[in-house]
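The values are calculated or read from the model by the stated rules, or taken from the named source; none is laboratory data. None of the values given here were measured: they were computed from a predicted structure. Note: ideal-geometry Cβ built from the backbone for every residue, glycine included; neighbour counts use all protein chains shown.
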Amino acid sequence: MERNNLWAPWRISYIQGLDKTTDCFICHSRDNPQDDDENLVLWRGEKSIVILNRYPYNNGHLLIAPLRHIPDLDETTDEEMLEMTKLIRESQKALSLTINPHGFNVGMNFGRCAGAGLPGHLHIHVVPRWSGDTNFINVCGNADVISQSLTELLDLLKEASKEHKLPAL
C-alpha cells in the first residue's frame with residue numbers, strides 16, 4: 001500500500017524551539033513596529049496587540065496579547081482587559097468579513113502543561129471554525145490543514161480593517 005505524506009515544513013522551527021529558552025515573539029513584535037508585516041501583526045492598540053498565529057490550529061487563528069510581558073490574568077489592568085475583550089470582538093468581525101467562518105473558539109492556556117506555547121506572555125486565541133472542519137486528518141493524523149498563506153490572509157484582514165474602520169476601540 002502506498003503511503004502519502006502531508007508536508008508541513010514550517011512547523012519544524014516551532015517543534016525544535018519548544019524546549020529552548022527563546023525570546024518572547026510577542027515582545028519582539030511589540031518592539032519592532034517596522035517589521036509588522038514580517039511579524040504578522042494585524043493591529044496595535046494602546047494596551048495590546050493582535051498577531052496572526054505563525055503555527056495556527058486553523059486558518060485565521062489570531063493571538064491577542066497585552067503589550068506588557070505578563071503571564072496571568074491577575075496581573076492585567078482593567079484597561080488591558082477591556083481593550084483585549086474589544087479586540088476579540090473586532091477580530092471576529094474582521095475574520096467574518098474576510099473568510100466567513102461559521103463560528104469561533106476563543107480561549108487561553110496558562111502554563112506549558114495546559115497547552116501554552118508561550119507560557120510567559122498572556123495571550124488570547126481567536127480561532128475561526130467551520131462546520132465539518134474536524135475530519136480524519138486532524139483526528140487520526142494529528143495534523144492541521146491550513147488553506148491559506150499567512151501573508152495573504154494578513155493582507156485581506158488589513159484591507160477589511162481599513163474598509164470597515166476596524167478595530168473600533
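If you check THR85, THR98, which single one turns out to be farther than 22 Å from GLN148 by Cβ and in a helix (DSSP H, G or I)?
After ruling out the rest, the residue left standing is THR85.
For the stretch 152-169, name all the residues that are crowded, with 18+ Cβ neighbours inside 10 Å, assigned to a loop (DSSP other than H, G, I, E, B) and of a type in the set (A, V, I, L, M).
Within the stretch 152-169, just LEU166 meets the criteria.
Residues checked against (1) within 30 Å of TRP130 (Cβ to Cβ); (2) touching a strand residue (DSSP E or B) at 6+ places or on another chain (Cβ under 7 Å); (3) among the small types (Gly, Ala, Ser):
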residue	(1), (2), (3)
VAL41	yes, yes, no
ILE51	yes, yes, no
HIS61	yes, yes, no
PRO66	yes, yes, no
PRO71	no, no, no
THR76	no, yes, no
LYS86	yes, no, no
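Taking the options GLY117, GLY107, GLY60, GLY103, name whichever one is surrounded by fewer than 19 Cβ atoms within 10 Å (Cβ to Cβ), in contact (Cβ under 8 Å) with a residue 40 or more places away in the chain, out of contact with any Ser or Thr (no Cβ under 6 Å at 6 or more places or on another chain) and not hydrophobic (A, V, I, L, M, F, W, C).
GLY117
Among the residues of the stretch 71-90 satisfying the criterion of being under 16 Å from the mean Cα position of the chain (by Cα) and without any contact (Cβ under 8 Å) to a residue 60 or more places away in the chain, which is nearest to HIS121 (Cα to Cα)?
Ranking the candidates gives MET84 first.
Which condition breaks for PRO128 when tested against (1) modelled with pLDDT of 75 or more; (2) assigned to a helix (DSSP H, G or I); (3) not small (Gly, Ala, Ser)?
(2)
Filter the stretch 12-44 down to residues that are part of a helix (DSSP H, G or I) and among the aliphatic types (A, V, I, L, M) and give me whichever is modelled with the lowest pLDDT.
Filtering first and then ranking leaves ILE15.
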